[in-house]
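The block underneath contains the structure these notes are about, expressed in structure tokens.
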Amino acid sequence: MDNPENHRGHVALLAARLAFSAAGVALVCIAALTQAAFPALGAALAFWAGEALGLVQLGRRFEDPVARTLQCACEAMCALGVSVILPQAMLVALIQVVHALVASGIGTVSGAQGKPLPQPRGEPVRRVLAAFANACLALTLFAASQGYDVQTMVGLSGTDLALLCAAVVALAGIRSITESGLAARWGK
């Protein structure tokens with residue numbers, strides 16, 4: 001069990017990640033309204049900083065409902081922000097939110113039955129892939145702010161990149177949810 005100072009430190013890191021992500025969303029909205037490159041660049045950098053903070057907490061479990069909610073918001077915020085410019089990115093955010101709701105539900109029910117679940121083995125991989133997907137989505141903002149075409153940079157259009165990110169996040173989420181469900185079912 002974490003000591004209170006360690007717990008507060010992890011929640012503070014989550015809050016900082018959420019602040020970077022929220023700043024990214026605000027900058028994306030400003031970039032969309034003004035058609036300016038500088039806010040789009042700032043949004044990409046803010047999202048990347050938020051994802052870096054997420055990777056710092058890679059092995060951390062978020063048992064507390066507030067921490068779980070902050071974690072979900074942090075994961076979905078980048079895709080929500082990018083969806084202002086690239087609507088297909090909303091699919092990534094939707095998958096991340098649905099995963100968080102299902103995982104939280106499984107954990108809550110299992111905990112109420114007196115069978116707390118261990119963290120699924122696939123959860124760290126899911127978090128890395130979610131961070132990678134969000135970083136790729138932020139790349140679309142970076143490319144636009146620097147006058148590059150995403151197609152030229154990565155070989156995929158923005159739409160194809162968003163759909164690929166959604167597929168990666170969905171597959172990783174399905175694995176994590178399946179492991180949690182099996183552990184809840186058989187108590188392993």
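Stokes-Einstein D for the chain at 37 °C, 0.692 mPa s, Kirkwood Rh over Cα pairs, in µm²/s?
Values: Rh = 16.9 Å.
Approximately 194 µm²/s, per Stokes-Einstein.
Please report, largest first and rounded to whole Å, the three semi-axes of the ellipsoid equivalent to segment 115-188, where each semi-axis is the square root of five times an eigenvalue of the C-alpha gyration tensor.
Values: eigenvalues 240, 22, 8 Å².
Listed largest to smallest, the semi-axes of segment 115-188 are 35, 10, 6 Å.
Can you give the translational diffusion coefficient of segment 54-144 in µm²/s, computed by Stokes-Einstein from the Kirkwood radius over Cα pairs at 4 °C and 1.567 mPa s?
Details: Rh = 14.0 Å.
In µm²/s, the coefficient rounds to 93.
If you wrap a convex hull around the alpha carbons of segment 14-66, what volume per residue comes out, as a whole number of Å³? The partial results should precede the final answer.
Numbers: hull volume 3.2 nm³, N = 53.
Normalising the Cα hull of segment 14-66 by residue number yields 61 Å³.
Modelled label-to-label distance, Ser104 and Gln151, 7 Å Cα→beta-carbon offset: nm?
Distance between label points: 4.0 nm.
Positive end of the dipole of the chain, charges at C-beta (+1 Lys, Arg; -1 Asp, Glu), about the Cα centre: which of Val66, Gln146, Val168 has its Cα farthest in that direction?
The residue sitting farthest along the positive end of the dipole is Val66.
At R0 = 41 Å, how high is the FRET efficiency between Thr34 and Leu171 if r is their beta carbon distance? Nearest 0.05 is fine.
Working: r = 37 Å, r/R0 = 0.90.
For Thr34 and Leu171, the calculated efficiency is 0.65.
When the Karplus curve 6.51 cos²θ - 1.76 cosθ + 1.60 is applied with θ = phi - 60°, which whole-Hz ³J(HN,Hα) does each residue of segment 136-144 get, with x for Gly and Pro?
Whole-Hz 3J(HN,Hα) from phi for segment 136-144: 5, 5, 5, 4, 5, 5, 4, 4, 5.
At R0 = 22 Å, how high is the FRET efficiency between Arg185 and Val97 if r is their beta carbon distance? Nearest 0.05 is fine. Write out the running numbers ahead of the final one.
Details: r = 24 Å, r/R0 = 1.09.
Efficiency for this residue pair is about 0.40.
If you take the beta carbon distance between Val56 and Ala22 as r and set R0 to 22 Å, what does 1/(1 + (r/R0)^6) give as a FRET efficiency, to the nearest 0.05? Could you put the intermediate results ahead of the total?
Details: r = 18 Å, r/R0 = 0.83.
With R0 = 22 Å, the Cβ-Cβ based efficiency is 0.75.
Can you give the helix-only mean residue ellipticity at 222 nm for the chain, where every DSSP H stretch with n ≥ 4 adds -39500 (n - 2.57) and the sum goes over all residues, rounded to the nearest 500 deg cm²/dmol? If you can, show how the numbers build up before the last one.
Values: 7 runs with 150 residues, N = 188.
Computed ellipticity for the chain at 222 nm equals -27500 deg cm²/dmol.
Can you pull out the trypsin sites (Lys or Arg not before Pro) in segment 1-103 that DSSP calls coil and that have at most 16 other Cβ atoms within 10 Å? Present the calculation step by step, with values, prior to reporting the outcome.
Values: sites: Arg8, Arg17, Arg60, Arg61, Arg68; in loops: Arg60, Arg61.
Passing both the DSSP loop test and the Cβ count: Arg61.
Mean separation of Cα pairs under 8 Å and 6+ residues apart, divided by the residue count of the chain: what relative contact order is that in percent? The partial results should precede the final answer.
Numbers: 241 pairs, mean separation 48.2, N = 188.
Contact order relative to length: 26 percent.
Give me the 1.4 Å probe accessible area per residue for the chain, excluding ligands and nucleic acids, in Å².
Per residue, the chain has an accessible area of 50 Å².
The values are calculated or read from the model by the stated rules, or taken from the named source; none is laboratory data. Since the structure is predicted, the reported quantities are computational estimates derived from the model, not experimental observations. In this analysis, Cβ positions are derived from the backbone assuming ideal geometry, glycine residues included, and neighbour counts consider all displayed protein chains. Heads up: the accessible areas ignore ligands, DNA and RNA and are worked out on the full protein's heavy atoms, side chains in. Shrake-Rupley method; radii C 1.70, N 1.55, O 1.52, S 1.80 Å.
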